[in-house]
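Heads up: the structure comes next, in structure tokens.
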Amino acid sequence: MYRMMVADYDSPSYFVATAAVKLGFFKQEGVDVEFVAEYGAKHGPERLRDGSIHFFGGPAFAGTRAFPAWKGIKLVAALAQHSYWFMGLRKDIDIPRGDIKALKGLRISSSFAFPRTALRHMLIEAGIDVDQDEVRIVESLPSKSESHSRDGIKALQENLADGFWGNGMRLALAEKAGIAKLHLDLRRGDGPQGARLYNFAALTMTDAMIEAEPEVAAAAVRAIVKTQKALKADPSLAKKVGDELFPGEEAEMMPVLVARDAPFYEAAITPEAIDGLNAFALANGLLDRPLAYDAIVATGLKANWQA
């Protein structure tokens, strides 16, 4: 039995990996996988390193926390294309959508795991002096649940922040509650030039497992591709998974978010995506030099992206 963990299992981008297990697509490929319903941003890469999980779905750069400079791991497939983080602002803040300079003086809540790296990078690229608190990044309130979908709502309701940075579920719930509005959507063109190429959601495996069990690695990629196709064809499949993992409102919302993001559900990892990832990694101290495409991507599995 193999084990899968994702960085945040209410994220519509990582959800492809979750659904690949829960909807039976790994099993169709002859691979038995258990989904570990924990907040994988906390220790997922480290558990990949110690062998207690075999697949990690999360930011393409996430594995470098336990495998510096991608040494010992590879990205085997994209779960979804492009940077997928959003910024929501309190509804009564009157600044134009997408205006990053207008954020000066505000407090933005973020998880201090992977999202904070992207938020800080984006603000700096937009000319904000984060070190001088032109925008204050504050940590999300601790969650008692493994799901962090209500972090944005809590940050605004408890006056911890004026806005929040997070995945599509956090924004959708805050919009539905009537307390937030969309300010930035990197995937769809907001932010500094090139922001949509900072990152993408990816499935990561160790080099050791890819080499020792290439048939399992190939089957994993095919399972991801089948899941992407199935969710594109019928986003309502997401509710079946949501009913098992989320509280009611999140389960109802997931098919809507999957339908919205379905055009980005493609497994191919492009050279452009790796160029963007290299630039992001260099700027944030994850690399000291750019890496070749095949140093990050499991190129031997590319044929399965079109399975």
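The values are calculated or read from the model by the stated rules, or taken from the named source; none is laboratory data. Given the structure is predicted, the values throughout are model-derived calculations rather than measurements. A quick note on method: Cβ atoms are made from the backbone with ideal geometry, for glycine too, and the neighbour counts reach across all protein chains shown. For accessibility, only protein heavy atoms count, side chains too; no ligands or nucleic acids. Shrake-Rupley method; radii C 1.70, N 1.55, O 1.52, S 1.80 Å.
Numbers below:
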item	result
Qualifying positions in segment 154-169 - in contact with a helix residue (DSSP H, G or I) (Cβ under 6 Å, 6 or more places away or on another chain) and either open to solvent by 10 Å² or more (accessible area, probe 1.4 Å) or part of a loop (DSSP other than H, G, I, E, B) (or both)	Ala161
Hits in segment 102-114 - residues which are within 25 Å of the chain's Cα centre (by Cα) and of a type in the set (D, E, K, R)	Arg107
Of residues in segment 247-266 being part of a helix (DSSP H, G or I) and open to solvent by 40 Å² or more (accessible area, probe 1.4 Å), the one farthest from Asp10 (Cα to Cα)	Pro263
Any hit, segment 172-184, residues being open to solvent by 50 Å² or more (accessible area, probe 1.4 Å) and under 30 Å from Asp294 (Cα atoms)	no
Tabulated pairs, segment 187-215, first over 23 Å from Tyr14 (Cα atoms), second open to solvent by 30 Å² or more (accessible area, probe 1.4 Å) and of a type in the set (Asp, Glu), C-beta under 6 angstrom, 6+ apart or interchain	Pro192/Glu125
Residues of segment 196-246 satisfying the condition of being open to solvent by 60 Å² or more (accessible area, probe 1.4 Å) and among the hydroxyl-bearing types (Ser, Thr, Tyr)	Ser236
Filter pass, Ile269 being buried (at least 17 other Cβ atoms within 10 Å of the Cβ) and either free of Cβ contacts under 8 Å to residues at least 24 places away in the same chain or assigned to a helix (DSSP H, G or I) (or both)	no
Yes/no for Ile128 being among the hydrophobic types (A, V, I, L, M, F, W, C) and either in a helix (DSSP H, G or I) or over 20 Å from the mean Cα position of the chain (by Cα) (or both)	yes
Enumeration of residues in segment 272-287 that are acidic (Asp, Glu) and without any contact (Cβ under 8 Å) to a residue 24 or more places away in the chain	none
Members of segment 21-45 that are touching a strand residue (DSSP E or B) at 6+ places or on another chain (Cβ under 8 Å) and either part of a loop (DSSP other than H, G, I, E, B) or open to solvent by less than 10 Å² (accessible area, probe 1.4 Å) (or both)	Phe26, Val31, Asp32, Val36, Glu38, Gly40, Ala41, Gly44, Pro45
Asp50 among the acidic types (Asp, Glu), over 17 Å from Ala208 (Cβ atoms) and open to solvent by 10 Å² or more (accessible area, probe 1.4 Å)	no
All positions within segment 17-40 that are at pLDDT 95 or above and acidic (Asp, Glu)	Glu29, Asp32, Glu34
Matching residues, segment 61-105, being more than 15 Å from Ala295 (Cα to Cα), open to solvent by 20 Å² or more (accessible area, probe 1.4 Å), not in a loop (DSSP other than H, G, I, E, B) and not basic (Lys, Arg)	Ala102
